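Just below is one structure, and these are the notes that go with it.
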Amino acid sequence: MDLSQASEQSGQTLSTTIATTLRAAISNGEFAPGSKLRLDELRVMFGVSLSPLREALSRLSAEGFVVMEDQRGYRVAPISEENLEEVTKLRAMVETFALREAIQNGDDRWEGEVVASLYRLNKLEKVEDTADRSAWEAAHRDLHYRLISACRMPLLLSFSSMLHDLNDRYRRLFLAARPFDKTVRREHTDICNAALERDAELACGIMREHIERTGANIRKALLKKDQPLKQAA
């Protein structure tokens, strides 16, 4: 995660780069939930001054990935049943609304992007090592984005992206020790088919079930204190 070569970037661009890298590291479980984020260690790790680092951490705090502690610094946000439930409910509401708008506004180009994204994801079904998993995660995120990309609401896309990342944090922790969930491929295909047929009710219904099933599976694992958590939506 050495960003020493980014020293020539503007402060805002540098803080964005740091935030993006830290967000991914937290989602991947490289920083354990509740663990302390030591500024001196992060400063050396990224090769930057404290100013852009603090700005990045403040941004992640606003997004829910980091917790600011008065006079104590920063910690990785803990995971909990309550937080998972909130993220799941909000994501189900926001992503289905965005999907409905995208189905209404999407053109031929949007349809082509959805088809291509689903094809790329399905080619990566066998997740056997870290490289495969990273590629699957990238393709999975891209599909969910492509499905709602035609909603014509930038703020909605931004909020949906944040919720997806927060949900990903739970899902990736679960993926680390559990086999691939074969139900996911069928659900993705069914959502895409319904969206391309412009059947908003069906597409949004499957999407909601897709997201809520994930939340229910992870919740069971949390209640059993069975971590890391399981792959799903």
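The values are calculated or read from the model by the stated rules, or taken from the named source; none is laboratory data. For clarity, every value in this text was computed on a predicted model and none was experimentally measured. Glycine also receives a Cβ, built like all others from the backbone with ideal geometry; neighbour counts cover every protein chain displayed. To get the accessible areas, we keep the full protein, side chains included, count just its heavy atoms, and leave off ligands, DNA and RNA. Shrake-Rupley method; radii C 1.70, N 1.55, O 1.52, S 1.80 Å.
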(message) Contact list please: Cβ distance under 6 Å, first residue in region 186-209 and of a type outside the set (S, T, N, Q), second residue surrounded by fewer than 17 Cβ atoms within 10 Å (Cβ to Cβ) and at pLDDT 95 or above, pairs at least six apart or on different chains.
(response) Ala194/Leu202; Leu196/Glu111
(request) Just give me the residues in region 84-112 being over 16 Å from Leu155 (Cα atoms) and crowded, with 17+ Cβ neighbours inside 10 Å, in sequence order. (result) Leu84, Val87, Thr88, Ala92, Ile103, Gly106, Trp110
(request) Keeping to region 101-127, report how many residues are touching a helix residue (DSSP H, G or I) at 6+ places or on another chain (Cβ under 6 Å) and in a helix (DSSP H, G or I). (result) 12
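Going by what's in this entry, would Ser27 be described as outside the structural domain of Ala138 (by the TED database), more than 23 Å from the chain's Cα centre (by Cα) and at pLDDT below 90?
Working: outside the structural domain of Ala138 (by the TED database): yes; more than 23 Å from the chain's Cα centre (by Cα): no; at pLDDT below 90: yes.
Taking the combined requirement at face value, the residue does not satisfy it.
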(request) Looking only at region 212-223, decide whether some residue is at pLDDT 95 or above and hydroxyl-bearing (Ser, Thr, Tyr). (result) no
(request) Can you confirm whether region 46-69 contains a residue that is of a type outside the set (Phe, Trp, Tyr), within 30 Å of Gly205 (Cα to Cα) and assigned to a loop (DSSP other than H, G, I, E, B)? (result) yes
(request) Name the single residue, out of those in region 15-45 being part of a loop (DSSP other than H, G, I, E, B) and open to solvent by 70 Å² or more (accessible area, probe 1.4 Å), that is nearest to Ser160 (Cα to Cα). (result) Asn28
(request) Could you tell me whether Arg152 is modelled with pLDDT of 95 or more and on the phi > 0 side of the Ramachandran plot? (result) yes
(request) Determine which single condition Leu118 fails, assuming it passes every other condition in (1) open to solvent by 10 Å² or more (accessible area, probe 1.4 Å); (2) aliphatic (A, V, I, L, M); (3) out of contact with any Cys (no Cβ under 6 Å at 6 or more places or on another chain). (result) (3)
